[in-house]
Amino acid sequence: MGHIVFGAPGSESYHLHRRLQGALEPRGHRISVLTLDAAAHTFWRHQLDHGEIGIGPLRPNAADRQWAMALGPGVSGRHGQHLAGLLRPLRAWFAAERPSLVLLHRRRGAEACLLQRLAHEFGCRVLWTGDGLLPHTLQIDERGLDGDAAASRRPARDYRVVPGDRSLLRACLSHALARNLPVAAEPGGALPPPWSQRLHDLPAMWRSHGLRAALQSWSAWRTGSSRRKAQVPGPTAWLPPAPFVAVLLQHPTDARLRLDADAAPSQRALLDHARLAAAAIDPELAIAAIAPDDHCRRPHWLARDIAWLPASAGIDAAAVAAATATVNHPLASIALLAGTPVLHCGRALYGLPGVGTFAPLAEWPAALARTLRRDHPRLRERFLSWVFGYGHVWCSATHPDHNGMLGLVQAIEARLEAPPEAAPLRYRRGPAWPLAAEGRSG
């Protein structure tokens with residue numbers, strides 16, 4: 001059985017990690033939670049019955065600081081010093097514990113990068129999970145998420161051996177268009193850490209992350225106590241009656257935008273170039289801008305002839321548009337499921353040539369014409385069959401159901417050196433509806 005480490009989990013993923021611990025331990029696995037700052041240690045120490053670990057930083061030397069600065073852009077100042085100080089105690093912990101697998105969920109920051117590098121240094125497997133391309137699904141990958149995922153770097157020839165699963169892909173599209181929700185119990189709230197301990201953690205958080213992060217840590221535990229019902233917003237706007245290009249916009253804080261797009265364009269630049277590309281195809285081809293969320297107001301600079309739609313209309317717009325353009329929005333996957341061409345300018349999980357079309361903004365007019373003219377339906381079918389059958393687990397991050405937990409445990413155990421002696425798991429790939437009616441099982 002394996003020693004599985006939850007690497008620097010956020011409080012917002014409390015329910016998922018709690019359910020996963022409850023699913024893994026009865027199968028003989030040992031669970032540890034590796035926390036890298038004072039506030040996170042306090043939070044998880046009050047949630048889990050055992051297995052929590054907190055590591056205090058030491059004074060870093062020059063070599064440690066240089067190593068930490070190589071973790072990524074923006075790692076400097078207090079944060080860089082903090083990570084550098086963790087290097088030696090973390091190395092000592094990995095050398096002593098020799099875990100089987102480190103699970104990194106959602107957060108793609110320097111802390112996760114630090115744990116990934118150390119895990120590889122000590123021969124430990126790594127598994128990433130994060131928000132999937134479809135609502136209430138999880139990506140799984142051993143290298144990273146989205147633009148960092150190993151799947152985003154594979155050539156088209158690797159998918160020649162993948163059988164196309166049309167029933168799965170039809171179900172994926174139906175699942176998205178129907179706003180299907182997981183059948184799962186409502187999440188239980190996390191226990192609030194004592195205010196005295198949170199107050200005690202403030203100076204340490206200020207020293208390691210700065211004043212703003214320290215103040216935010218005071219109430220960060222509340223993200224793990226949310227009892228909101230699972231939901232996917234329904235459509236709230238009419239789509240344009242004429243053929244249109246859907247432009248999926250993203251928040252500047254979107255990790256996909258920050259980490260997977262070199263010099264990500266502004267929303268205005270994205271729409272301007274999409275408009276030029278559409279006009280080069282047909283001057284009558286309309287543009288529909290899909291807002292990052294339902295609360296974003298129409299920008300004052302937006303041209304009158306561009307439709308402004310709320311984020312809740314993005315699923316339908318991507319499915320029925322003549323083409324979908326974006327930096328790297330996950331809902332572009334719905335366009336691919338519906339056979340709608342996708343044009344993007346950032347690294348994405350669906351960036352395989354022949355599936356999505358990657359092009360810098362300046363090249364969008366020619367790229368859009370090319371992607372409308374050339375279609376590769378067999379490659380797209382094989383790629384999507386692999387992505388949603390094996391590159392995703394049908395498990396909600398906020399409302400995990402029983403089948404989703406089986407899939408996540410199965411993905412973890414498949415990467416352990418020695419297969420567990422416990423009974424095999426019967427996980428069904430794909431959405432519960434409509435595939436459940438077909439009696440599919442993995």
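The values are calculated or read from the model by the stated rules, or taken from the named source; none is laboratory data. Not measured: the values here are computed from a predicted model. Cβ: placed from backbone, ideal geometry, glycine included. Neighbour counts: every protein chain shown. Ligands, DNA and RNA are stripped out before the accessible areas are found, and what is left, the full protein with its side chains, is counted by its heavy atoms. Shrake-Rupley method; radii C 1.70, N 1.55, O 1.52, S 1.80 Å.
What to note about this one:
- Cβ-defined net charge surrounding Gln410, 12 Å radius [Lys, Arg +1; Asp, Glu -1]: +4
- Projected label distance in nm at Leu202 and Arg222, using a 7 Å step from Cα toward the beta-carbon: 1.6
- Helix-derived mean residue ellipticity, 222 nm - over the chain, DSSP H n ≥ 4, -39500 (n - 2.57), to 500: -11000 deg cm²/dmol
- In order along the stretch 263-276, the Karplus-derived 3J(HN,Hα) couplings, from 6.51 cos²θ - 1.76 cosθ + 1.60 at θ = phi - 60°, round to 6, 4, x, 6, 4, 5, 5, 4, 5, 4, 6, 5, 5, 5 Hz, and Gly and Pro are given as x.
- Loop-exposed GluC sites (Glu not before Pro) per DSSP, neighbour cap 10 Cβ within 10 angstrom, longest uninterrupted part of the chain: 1-283
- Taking the Cα centre of the chain as origin and assigning +1 to Lys and Arg Cβ atoms and -1 to Asp and Glu Cβ atoms, the resulting dipole is close to 260 debye.
- Spatial separation of Cα centroids for the stretch 370-385 and the stretch 328-348, in angstrom: 12
- Relative contact order of the stretch 278-437, defined on C-alpha pairs under 8 angstrom at six or more residues apart (%): 13
- For a paramagnetic label modelled on Ala63 (point 7 Å from Cα along Cα→Cβ), amide N atoms under 14 Å away belong, within the stretch 73-103, to 87-89, 91-92.
- Computed over the stretch 12-166: relative contact order in percent, which uses C-alpha pairs under 8 Å that are six or more apart: 13
- Relative contact order, percent, the chain [alpha-carbon distance under 8 Å, six or more residues apart]: 19
- Charge dipole (Cα centre; +1 on Lys/Arg Cβ, -1 on Asp/Glu Cβ; no other charges) of the stretch 294-442 amounts to roughly 400 debye.
- If R0 is taken as 30 Å, the Cβ-Cβ distance between Glu417 and His46 corresponds to a FRET efficiency of 0.35.
- Label positions at Asp262 and Val183, each projected 7 Å from the Cα along the C-beta direction, are separated by 4.8 nm.
- Taken as Cα centroids, the stretch 54-117 and the stretch 139-162 sit 26 Å apart, rounded to the nearest whole angstrom.
- A 1.4 Å probe run over the chain, with the rest of the protein chains in place, finds 46 Å² accessible per residue.
- Each Lys or Arg adds one and each Asp or Glu subtracts one; over the other residues with Cβ under 14 Å from the Cβ of Arg347, this totals 0.
- C-alpha long axis of helix 166-177 to longest principal axis of the chain, angle in °: 90
- Of the solvent-accessible surface of the chain, computed with a 1.4 Å probe over protein heavy atoms with every protein chain present, carbon and sulfur atoms account for 54 percent.
- Only one residue of Ala184, Ser196, Leu169 has its Cα farthest out toward the positive end of the dipole of the stretch 140-200, where Lys and Arg carry +1 and Asp and Glu -1 on Cβ, and that residue is Leu169.
- Chain lengthening between Leu215 and Asp294 when straightened (0.36 nm per residue, less Cα-Cα): 25.6 nm
- Environment charge at Gly356 (Cβ cut-off 15 Å; Lys +1, Arg +1, Asp -1, Glu -1): +3
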